[in-house]
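Written out below as structure tokens is the structure these notes cover.
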Amino acid sequence: MASPGEATVQETHVGKRKKNPARYWQEPRGEGKDGQTTGQAPHKKEEKTQETRKRKQDEQQNDGKKFISGKSDPFPGPAPIPEDRVQKFKRKEKTKKPPRKHYKLRDMITRSEEASEMAQKQAARFDLLLPEDAGFLEGDEAEDTCTISQEDIADAVDITSGAKYFNLKLSQFGPYRVDYSKTGRHMLLGGRRGHVACVDWQCKQLMCEINVMESVNDVKWLHSETMYAVAQKKWLYIYDSNGIELHCIRKFNDVLRMQFLPYHFLLATASATGFLQYLDVSVGKEVAAICTKTGRLDVMCQNPQNAIIHLGHPNGTVTLWSPNQKEALVKMLCHQGGVRSVTVDKTGTYMVTSGMDKKMKVYDIRAFKPLKSYFLPAGASCLSLSQRGLLSAATGDIVQVYRDVWSTPVSKPYMAHRVQGTVWGMHFCPFEDVLGVGHGQGFTSMLVPGAGEPNFDGLDANPFRSAKQRQEWEVKALLEKIQPELISLDSNELGKVDHSTFEQRHQDRVQALGYDPLAKEKFIPKFKKKGRSSAGAVERRKKQVAHEDQRDEIRETVEDKMKREKERKQRENKKAALSGQTSALDRFKR
């Protein structure tokens, strides 16, 4: 046993007392168990500083290169973009920046240019993600592509593409007008004897089929595939995709041709009475009614670039119209006989016309000058241009497709096909290599390789959109609707300042108010006490202010004069220096 005097130290199972939590106002304790200062914290601090110093040295040796997974990036910085691809998406030239005192405007212009440059580079990069390209028909050696039949093309391509060639035998109610929706997925047929049908032609699903029991002159899809317009014998009717009549618009009578402007939500109609009328389908109101005074209007097309309507007339002229003016913007004499058909390409650069003189002409709309003229033995009754610039021309029951009609002279067609009846309407399907032909015996869907645009904009016209996406797009399109007042021949006028109009409005404002609100106000001396506002003192102050204004004007005039004098002396000195140079021929002078 241990003696009572010897203290035995035993560790209990309770263990050591826990340390109190550290507070920011308390100094860190540096003593250990035995009262000796611990050096762990300073050592850790020194190790951290050494590691940081070493890392900085390594970064300086590697010239600031970033490390990925322990290795330096072999291709630092953003990926390079070819210069020609960047120029393809160039938006505008750089704006001249104002003086430094307009610092807010300078910053705004700088930010705008940076955003434009970033968008240009992103568009050039994303262009690489569009691998689809338009492929044209190529024959074997010494084989003409126009001799290849539609059956041969359908057999050579895949099953999905081959199914796009088909014939609809509808001989009872023909001939037919045809129209495709903006997405290219839905087709609308209108027979002369009252038959109207809308079809999802890619899956061969009939959406609706009605007979209006009177003659049909034209059919046209509206902003989406849920509504379409039918120009019947007497009035204009609006139907939905189920064939239910929504509206009967009696203001639009005897309509022969129609065009829909998708970004303005305007339906333009040309009537037998010579009237060109515009209907706003978003609110159901007539925007404009223009009497063209040129007789029956049965030739009509639109310019997709600036929404200008082109009308062909029996006297051989083509006129350009806008809903903002009662007179034609441009009148062009295109043919010696009546105009039979007109079409414009999607860029708004070229216009192709055909007339009774059996000629087909290509015009540059920018200069209103003819580029090419082709003679067709029987003339062309219908014309249509595809998204890739292929031109289809119908002569009787023969459909011919031409390629590059405005760049090089064309001697033979690219493709040809004979249908069962006289052609009454043609239309290229958007985003598909398909040409829809309406004739007296029904409808024919032709395969035309290279006609459609292979890459579509999913935010504008998506052929694969769902019903929910269509509804969202419709709401956004209505919010972004362009007003009809903005339709003009030159679409770049919107970004310019009309100085003459501003001056005229300023003069009208001066006449209405009786004074010029922008003029500099007259100096009115402040009233002072103690006799300092006497008549003489007030006049002296007025003269002093007037003299200051005169000094500023004189100073500016003198500075301009000195600048011109300096430039004149520099020119004289330069001329004297050039004349003072000796020449090898000076020794022959007397």
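The values are calculated or read from the model by the stated rules, or taken from the named source; none is laboratory data. This structure is a prediction, so every number in the text was calculated from the model and none was measured. Using ideal geometry, Cβ is built from the backbone for each residue, glycine included, and neighbour counts are taken over all protein chains shown. In case anyone asks, the SASA skips ligands and DNA or RNA and just uses the protein heavy atoms, side chains included. Shrake-Rupley method; radii C 1.70, N 1.55, O 1.52, S 1.80 Å.
Taking PHE368, is it under 19 Å from TRP321 (Cβ atoms) and of a type outside the set (A, V, I, L, M)?
yes
Is there a residue being open to solvent by less than 40 Å² (accessible area, probe 1.4 Å) and touching a Cys at 6+ places or on another chain (Cβ under 7 Å) anywhere in region 227-237?
Yes, region 227-237 contains a residue that is open to solvent by less than 40 Å² (accessible area, probe 1.4 Å) and touching a Cys at 6+ places or on another chain (Cβ under 7 Å).
Determine which single condition ASN242 fails, assuming it passes every other condition in (1) over 20 Å from LEU329 (Cβ atoms); (2) open to solvent by less than 10 Å² (accessible area, probe 1.4 Å).
(2)
Restricting to region 259-275, what's the tally of residues that are in a strand (DSSP E or B) and under 19 Å from ASP179 (Cβ atoms)?
Number satisfying all stated conditions: 9.
Can you find a residue that is in a loop (DSSP other than H, G, I, E, B) and surrounded by fewer than 10 Cβ atoms within 10 Å (Cβ to Cβ) anywhere in region 531-551? Give the derivation first.
Let us first name the residues in region 531-551 that are in a loop (DSSP other than H, G, I, E, B), namely 531-534.
Pick out the ones that are also surrounded by fewer than 10 Cβ atoms within 10 Å (Cβ to Cβ) and you get 531.
Within region 531-551 (the criterion being in a loop (DSSP other than H, G, I, E, B) and surrounded by fewer than 10 Cβ atoms within 10 Å (Cβ to Cβ)), the answer is yes, since at least one residue qualifies.
If I ask for residues that are modelled with pLDDT under 95 and open to solvent by 10 Å² or more (accessible area, probe 1.4 Å), which ones from region 215-225 would you list?
Hits for region 215-225 are HIS223, GLU225.
For TYR278, are the conditions met, namely being under 20 Å from GLU474 (Cβ atoms), part of a strand (DSSP E or B) and at pLDDT 95 or above?
Details: under 20 Å from GLU474 (Cβ atoms): no; part of a strand (DSSP E or B): yes; at pLDDT 95 or above: yes.
Considered against the rule, which asks whether it is under 20 Å from GLU474 (Cβ atoms), part of a strand (DSSP E or B) and at pLDDT 95 or above, TYR278 comes out as no.
Please verify whether ARG388 is closer than 18 Å to LEU137 by Cβ, of a type outside the set (S, T, N, Q) and open to solvent by 40 Å² or more (accessible area, probe 1.4 Å), treating the condition exactly as stated.
In short, yes.
Here is a check on your reading of the model: is ALA289 surrounded by fewer than 21 Cβ atoms within 10 Å (Cβ to Cβ), in a loop (DSSP other than H, G, I, E, B) and among the aliphatic types (A, V, I, L, M)?
Spelling it out, it is not the case that ALA289 is surrounded by fewer than 21 Cβ atoms within 10 Å (Cβ to Cβ), in a loop (DSSP other than H, G, I, E, B) and among the aliphatic types (A, V, I, L, M).
Here is a list: ARG250, ARG257. Which entry is basic (Lys, Arg) and over 30 Å from the mean Cα position of the chain (by Cα)?
None of the other options fit; the residue is ARG250.
Write out, first by first residue and then by second, each pair whose Cβ atoms fall under 8 Å of each other, whose residues are 6+ apart or on separate chains, and whose first residue, in region 161-185, is over 22 Å from SER384 (Cα atoms) and open to solvent by 40 Å² or more (accessible area, probe 1.4 Å) while the second is of a type in the set (A, V, I, L, M) and modelled with pLDDT of 95 or more.
LEU170/LEU189
Consider region 399-449. How many of its residues are without any contact (Cβ under 8 Å) to a residue 24 or more places away in the chain and assigned to a strand (DSSP E or B)?
So the count comes out to 2.
Select from region 475-503 the residues that are surrounded by 13 or more Cβ atoms within 10 Å (Cβ to Cβ) and of a type outside the set (Ser, Thr, Tyr) and write down the one among them that is nearest to LEU329 (Cα to Cα).
LEU489
State which residue pairs qualify: first residue closer than 18 Å to VAL255 by Cα and inside region 193-218, second residue loosely packed, with under 15 Cβ neighbours inside 10 Å in any location, beta carbons under 6 Å apart, and separation of 6 or more residues or different chains.
Matching pairs, first to second residue: GLY194/ASN211; GLY194/MET213; GLY194/GLU214; HIS195/ASN211; GLU214/LYS233; SER215/LYS233.
Can you tell me which residue is surrounded by the most Cβ atoms within 10 Å (Cβ to Cβ) among those in region 334-353 that are out of contact with any Asp or Glu (no Cβ under 9 Å at 6 or more places or on another chain) and farther than 15 Å from VAL299 by Cα?
Filtering region 334-353 for residues that are out of contact with any Asp or Glu (no Cβ under 9 Å at 6 or more places or on another chain) and farther than 15 Å from VAL299 by Cα, the one surrounded by the most Cβ atoms within 10 Å (Cβ to Cβ) comes out as ASP345.
Among (1) in a loop (DSSP other than H, G, I, E, B); (2) more than 27 Å from ASP460 (Cα to Cα); (3) open to solvent by less than 30 Å² (accessible area, probe 1.4 Å), there is one condition LEU256 misses while meeting the rest; what is its number?
Result: LEU256 fails condition (1) only.
Can you tell me which residue in region 358-371 is least open to solvent (accessible area, probe 1.4 Å), limited to those that are in contact (Cβ under 8 Å) with a residue 24 or more places away in the chain and more than 28 Å from the chain's Cα centre (by Cα)?
MET360
Does any residue of region 246-254 turn out to be basic (Lys, Arg) and under 22 Å from VAL330 (Cβ atoms)?
no
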